[in-house]
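In what follows, a single structure is set out as C-alpha cells and then discussed.
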Amino acid sequence: MGRWWKSFSDSCRYLGASLAIVLVKRKLGRRPHDWTLWFTLGRLYGVGYQWPQAIDALKTARKLDPHNEIIAQHLSQTKKAAKQDAVTKR
C-alpha cells in the first residue's frame, strides 16, 4: 500500500475523532465535572494533532482527579508529542 493509503487512513481517523469531539463536548455540557470526559476529549484532540486543546483538556481532567497517574502520564506524553511535532514542522 502506498502513501495515499496512509493519508486516507489518517484522514478517516481524524474525521472520526472530530465527530467524537463534538459528542464528548455535548456530554460535557451536562457533566462538566466528569474527569473521564475531559480525559477522553484530550485524547481525541491528540489524534487530530490539536496539541493546545489536548493539553488544556488533560489539565482539566488532572485538576478534577489530581491523584490519577494515568492522566498524568497521558498529559506528559501529549506535551512531548506536541514538542516533537513542533520540531518536525520546522
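Every read-out reported here was derived from the displayed coordinates using simple, explicitly stated rules and does not represent laboratory data. None of the values given here were measured: they were computed from a predicted structure. Neighbour counts are summed over all protein chains in view; Cβ atoms, including those assigned to glycine, are modelled from backbone coordinates with ideal geometry.
Structure data summary
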item: Kirkwood Rh and Cα Rg combined as Rg/Rh, region 21-66; result: 0.94
item: Table column - 3J(HN,Hα) (Hz), region 15-24, Karplus curve with 6.51, -1.76, 1.60, x for Gly and Pro; result: 4, x, 5, 4, 5, 5, 4, 4, 5, 5
item: Listed pairs K25/K59; K25/K89; K27/K83; K63/K89; K27/K63 exceeding 25 Å between Cα atoms; result: K25/K89; K27/K83; K63/K89
item: Relative packing of peptides 22-32, 45-55 - highest average C-beta neighbours within 10 Å first; result: 45-55, 22-32
